[in-house]
1. For segment 11-26, indicate whether the set of residues that are basic (Lys, Arg) and either at positive phi or modelled with pLDDT under 90 (or both) is non-empty.
2. How about segment 35-87: which of its residues are among the hydroxyl-bearing types (Ser, Thr, Tyr) and assigned to a helix (DSSP H, G or I)?
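The values are calculated or read from the model by the stated rules, or taken from the named source; none is laboratory data. Remember, predicted model here, so these are calculated numbers, not experimental data.
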Amino acid sequence: MEGILERYERQAFAERQVGPSTPSESQGNWSLECPKLMATIEALQRNLRNFMGEELDPLSLRDLQLLEHQIDTSLKRIRIRKNQLMNESISVLQKKERALQDQNNMLAKKLKEDEKTQAENAQPEQHELAQSSSSFIPPLSPPAATIQFPSLAIGLNSCRGTSQATEGANKEADTQLQPSSNTVIPPWMLRPVNR
């Protein structure tokens, strides 16, 4: 097929170089050229249909093998070009990845520097705040003697019976008067109780 096209192009180029000498000769050339062009068009259309997998019945074994070889060669070229394009796109994406990674590293470094400067700025402020707050707040006096209350256990006396319940109530009243070592209440909680 390519050979036919090359011969046609050479012939057409040669005729253009020579050029028709008279209009009658050019008319005769056109009448001869038209069937050749029609045959070429028909051959190209048949080859195209064969490449598409149509009208394969009239082809011989040799023609089918030649067609298969042409298709294999075309597929190899297509795959080579596809792989080339994929490799180019991969390299472009890798360059973008490296650029983004560099940008990410720069932003992380800048963030760490900003955090460091904020921490450095916050330390003097905290120190000044601690000094100023210690001058405004009077020092705490040591806590007063704390009163200790017994822990309340609900349901203990009901399990022992009525006679034991009255004894338990008496003991409980005694323990309320005496400080217990189980519970310690800070002085600020005792103010409402003293009223």
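1. Yes, there is a match, as at least one residue in segment 11-26 is basic (Lys, Arg) and either at positive phi or modelled with pLDDT under 90 (or both).
2. 40, 73, 74
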